[in-house]
Structures are given as structure tokens and as C-alpha cells.
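Here's the structure we're looking at; comments come further down.
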Amino acid sequence: METVTGPLTGNTWFADAFADVPLMAILRGYDVDRTVELARTAWSLGIKIVEVTIQSDTAVAALRATVEAGRADGRPVGAGTVTDPGLAATAHAAGAAFTVAPGLSAEVVAASHAAGMPHLPGVATGTELQLAAGLGLTWVKAFPATVLGTGWFGAMRGPFPQLRYVATGGIDPGNAAAFLAAGADVVALGSALADPAALPAVAKLLAG
């Protein structure tokens with residue numbers, strides 16, 4: 001996957017990243033060892049893209065360790081909850097391949113792209129989708145997906161057919177297929193990866 005060199009290049013990066021597997025993993029609130037363990041679980045299941053949220057010093061350390069764990073096999077690890085340019089710089093210093101945010105900020109988009117990291121902003125309204133498109137983005141994070149509902153995707157694809165959607169927030173193996181069928185291009189799983197009883201359902205979802 002190429003390095004981001006301009007505001008539009010990240011669109012190709014995400015398209016390539018999710019081309020074969022329409023799932024990503026979000027790891028939030030675990031210590032360093034557990035984060036790496038869960039990332040390895042995701043990779044072993046076939047999930048290629050892992051996000052580690054960075055809301056504390058421990059979380060940044062977890063990101064750094066997960067980046068290192070994935071480096072040998074070329075596994076890209078991103079930083080989540082990047083809500084300001086300073087956190088984008090922190091993510092870059094930790095080795096993040098991409099950044100994700102719960103909302104949309106032109107400043108965060110610019111800071112991430114300037115550091116060579118594609119950015120996935122959170123959106124929930126038509127205004128935010130229009131702003132994202134105006135910034136040259138085609139990939140966005142629909143958040144919180146279960147609050148927005150499956151119908152949101154069909155409604156938004158009408159006026160914004162050029163955008164691609166990652167459904168995030170409340171997604172689990174039981175509802176993921178419904179969001180994909182409703183028009184989400186990718187779904188993001190979190191706590192299911194930490195539940196051994198849920199792993200067979202995750203594997204089944206990946207098998208299609």
C-alpha cells in the first residue's frame with residue numbers, strides 16, 4: 001500500500017486495504033500486552049486492518065507495540081480517536097499507518113495527510129458528508145453506526161454515491177452482515193475479538 005502524498009491518495013490506500021476483507025478491528029482500552037494479543041487474534045482470523053485508539057499514554061504505548069508486532073508481516077496499524085493535530089503527530093511518531101477520528105476536522109485531515117497517513121473521519125450527517133467530499137475524501141466512518149441505523153446508509157448513498165462507508169460503533173458478528181447488506185462497505189469490530197465465544201462467528205463473517 002502506497003504512502004500518502006496528497007489529499008486524495010488516502011482514498012486509494014483505504015480502497016486497497018479493504019479490497020478483500022470488509023472488516024477492520026478496533027482495540028480500545030486494553031493494556032499493551034492485551035492489545036498486541038488481540039491484534040494477533042484479528043490477523044489470524046484474516047482481518048488485515050487494525051486500529052488502536054490513543055486516549056492515554058498507555059494507549060500510545062499499545063499502539064507503538066502493535067505497530068512493531070505487525071511490521072514483520074507488513075500489517076498496517078492505525079491510530080484511533082485522533083481528534084486534533086497534536087494527536088496526529090503522536091500517532092505518526094508511534095508509527096501509525098493511518099488515523100481515524102470520531103468526527104470530521106479539516107485540520108486533522110490536513111495534519112494526517114501531511115504526515116503521510118490517510119485519515120478516516122467520523123460522520124453522521126449530510127453536512128459532514130458534504131464537507132468530507134469537499135475535502136477530497138471518499139472514505140468516511142459512519143459513527144455511531146447502530147444509532148444511525150442500517151437505513152442511514154441507503155439514504156446517504158443517494159446524494160453521496162461517491163463516498164465509501166465504514167460502519168463503526170456497536171457492530172458485532174450478529175449485526176455486521178445487516179450493515180454490509182444495507183450499504184456499508186466495511187464494518188468495524190471491537191469487543192467481539194476479546195470474547196472467545198464470539199470468534200467462530202467472526203470467522204464465519206469473514207468467510208462470507
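Among the listed residues Ala79, Ala62, identify the single one that is at pLDDT 95 or above, outside any loop (DSSP other than H, G, I, E, B) and either within 17 Å of Lys141 (Cβ to Cβ) or in contact with a His (Cβ under 7 Å, 6 or more places away or on another chain) (or both).
The match here is Ala79.
Name the pairs: first residue in the stretch 195-207 and under 15 Å from Asn175 (Cβ atoms), second residue at pLDDT 90 or above, Cβ to Cβ under 6 Å, at least 6 apart or on different chains?
Within 6 Å, the pairs are Ala198/Pro173; Ala198/Ala192; Ala201/Pro173; Val202/Leu45; Val202/Pro173; Val202/Ala192; Leu205/Pro173; Leu205/Ala176.
Give the residue, chosen from Gly103, Gly74, that is modelled with pLDDT under 95 and either buried (at least 22 other Cβ atoms within 10 Å of the Cβ) or not aliphatic (A, V, I, L, M) (or both).
Gly74
Could you tell me whether any residue of the stretch 147-167 is under 17 Å from the mean Cα position of the chain (by Cα) and among the small types (Gly, Ala, Ser)?
yes
Conditions tested, residue by residue: (1) assigned to a loop (DSSP other than H, G, I, E, B); (2) in contact with a Pro (Cβ under 9 Å, 6 or more places away or on another chain); (3) not polar (S, T, N, Q).
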| site | (1), (2), (3) |
| --- | --- |
| Ala96 | yes, yes, yes |
| Ser112 | no, yes, no |
| Gln130 | no, yes, no |
| Gly136 | yes, yes, yes |
| Pro159 | yes, no, yes |
| Gly174 | yes, no, yes |
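Give just the number: which of (1) free of Cβ contacts under 8 Å to residues at least 24 places away in the same chain; (2) in contact with a Lys or Arg (Cβ under 8 Å, 6 or more places away or on another chain) does Lys48 not satisfy?
(1)
Tell me the residue from Ala145, Ala96 that is over 23 Å from Arg40 (Cβ atoms), modelled with pLDDT of 95 or more, touching a strand residue (DSSP E or B) at 6+ places or on another chain (Cβ under 6 Å) and of a type in the set (A, V, I, L, M, F, W, C), please.
None of the other options fit; the residue is Ala145.
If the Cβ limit is 6 Å and pairs must be 6+ apart or interchain, which residue in the stretch 141-158 that is farther than 23 Å from Ala25 by Cα pairs with which residue that is small (Gly, Ala, Ser)?
Partner pairs satisfying both residue conditions: Gly154/Gly183; Arg157/Gly183.
If I filter the stretch 122-142 down to residues being of a type outside the set (A, V, I, L, M, F, W, C) and within 20 Å of Leu23 (Cβ to Cβ), which single residue comes out as modelled with the lowest pLDDT?
Thr138
Out of (1) free of Cβ contacts under 8 Å to residues at least 60 places away in the same chain; (2) out of contact with any Phe, Trp or Tyr (no Cβ under 6 Å at 6 or more places or on another chain), the odd one out for Gly78 is which?
The one condition Gly78 does not meet is (2).
Quick check on my filter: what residues within the stretch 31-44 are buried (at least 20 other Cβ atoms within 10 Å of the Cβ) and not β-branched (Val, Ile, Thr)?
Result: Leu38, Ala39, Ala42.
If you check Ala62, Ala88, which single one turns out to be crowded, with 22+ Cβ neighbours inside 10 Å and within 16 Å of the chain's Cα centre (by Cα)?
Of the residues listed, the single one that is crowded, with 22+ Cβ neighbours inside 10 Å and within 16 Å of the chain's Cα centre (by Cα) is Ala88.
Are any residues in the stretch 103-136 of a type in the set (A, V, I, L, M) and closer than 30 Å to Gly174 by Cα, and if so, which ones?
Passing the criteria: Leu104, Leu120, Val123, Ala124, Leu129, Ala132.
The values are calculated or read from the model by the stated rules, or taken from the named source; none is laboratory data. Note that this is a predicted model, so its numbers are computed, not measured. Glycine also receives a Cβ, built like all others from the backbone with ideal geometry; neighbour counts cover every protein chain displayed.
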